[in-house]
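**Student:** Below you will find the structure I want to go over with you.
Please treat every number below as a calculation from the coordinates, not as lab data. Keep in mind that what you see is a predicted model, and the values were worked out from it rather than measured. Using ideal geometry, Cβ is built from the backbone for each residue, glycine included, and neighbour counts are taken over all protein chains shown.
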Amino acid sequence: METLDQITSTLALSMGAAWGSGVNLYATLLVLGYLAITGGVVLPPELQVLANPIVIGAAGLMYCVEFFADKVPGIDTGWDAIHTFVRVPAGALLAAGAVGEIGPAAELAAAIVGGGLAAATHAAKAGSRVLINTSPEPFSNWGASIGEDIAVIVGVWASLQHPQLFLVFLVLFVILLIWLLPKVWSGVKKVFRFLGSLFGGKKERVKQMDYLE
């Protein structure tokens, strides 16, 4: 029979891994792998593979690629679009792996909730980047990217070292997401409507010129 502290720690690890994956999967894998390989934390059996040097090396390589791709306006949006198919399933798998010892039902429930959390977090990140990219200067983009990396590193570490505190902040974050996502989605639609009208206008002007010729 697990104690309340054990349940809290398992839940924090499961949701912390899913949340971090939605923002920066590779930073999440690096934090978990580094803490495991240095003895800072004992991961559940299904997640112990993250301490493998090969996995850490692959995560480190992809983190370096994302570090630069995530700071170039336009490229970051394309990167986020591609990673919709990576971050969300990875978040579900990590969440499920964190509770795998409890049983299949808990593993499936964690995968469902973790996948949903990763999807919502990813949507907030990707959508906010589209809005930030409307700014002509690159500094806001860099600041957002660096801030996200720091948040993931600190957040995943807190989920392992201070699980109760992390879960409190996670609840507050989910409440913020419920309020924020409709606003982000509304802003993203306005951006794409503007781009659509812009390119649509160009096509009309080209047609007019062709007609005059």
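**Student:** Using helices alone, I'd like the mean residue ellipticity at 222 nm for the chain: each DSSP H run of four-plus residues gives -39500 (n - 2.57), total over residue count, nearest 500. If you can, show how the numbers build up before the last one.
**Tutor:** Working: 6 runs with 177 residues, N = 213.
One gets -30000 deg cm²/dmol as the mean residue ellipticity at 222 nm.
**Student:** Hey, fewest Cβ within 10 Å first, where do V41, V31, V65 land in order?
**Tutor:** Numbers: V41 19, V31 26, V65 11.
Ranking V41, V31, V65 by Cβ neighbours within 10 Å, fewest first, gives V65, V41, V31.
**Student:** Right, another one. Give me the percent relative contact order of the chain, please, defined on Cα pairs under 8 angstrom at least 6 residues apart.
**Tutor:** 29 percent
**Student:** Right, here's the next one. Before anything else, pin down the relative contact order of the range 60-173: Cα pairs under 8 Å, at least 6 apart, normalised by residue count, whole percent.
**Tutor:** It rounds to 24 percent for the range 60-173.
**Student:** Sorting D149, D70 on the 10 Å Cβ count, fewest up front, what's the list?
**Tutor:** Going from least to most buried by this count: D149, D70.
**Student:** Give the order of F85, F67 when sorted by the count of other beta carbons within 10 angstrom, beginning with the fewest. Let's see the in-between values first.
**Tutor:** On the way: F85 9, F67 15.
Least crowded to most crowded, the residues run F85, F67.
**Student:** Moving on. Kindly express, to the nearest 10 degrees and within the range 0 to 90, the angle between helix 163-212's C-alpha long axis and the longest C-alpha principal axis of the chain.
**Tutor:** Between helix and principal axis, roughly 20 degrees.
**Student:** Answer rounded, prolate or oblate for the range 1-68, using the Cα gyration tensor with square roots of eigenvalues a ≥ b ≥ c: rounded when a/c is under 1.5, else prolate when a/b is larger than b/c, else oblate.
**Tutor:** Note, shape of the range 1-68 comes out oblate.
**Student:** How many Lys pairs in the range 4-212 lie less than 25 angstrom apart by Cα atoms, where the lysines are 8 or more positions apart or on different chains?
**Tutor:** Total qualifying Lys-Lys pairs in the range 4-212 comes to 11.
**Student:** I've got another one for you. Pairs of alpha-carbon atoms within less than 8 angstrom and 6+ residues apart define the contacts here; what relative contact order does the range 1-76 have, in percent?
**Tutor:** Dividing the mean separation by the residue count of the range 1-76 yields 24 percent.
**Student:** For the peptides 99-108, 154-163, what is the packing order when you average, over each peptide's residues, the other Cβ atoms within 10 Å and list the highest mean first?
**Tutor:** 154-163, 99-108
**Student:** Just to confirm my numbers, what's the Cα centroid distance between the range 1-48 and the range 51-103 in Å?
**Tutor:** 14 Å
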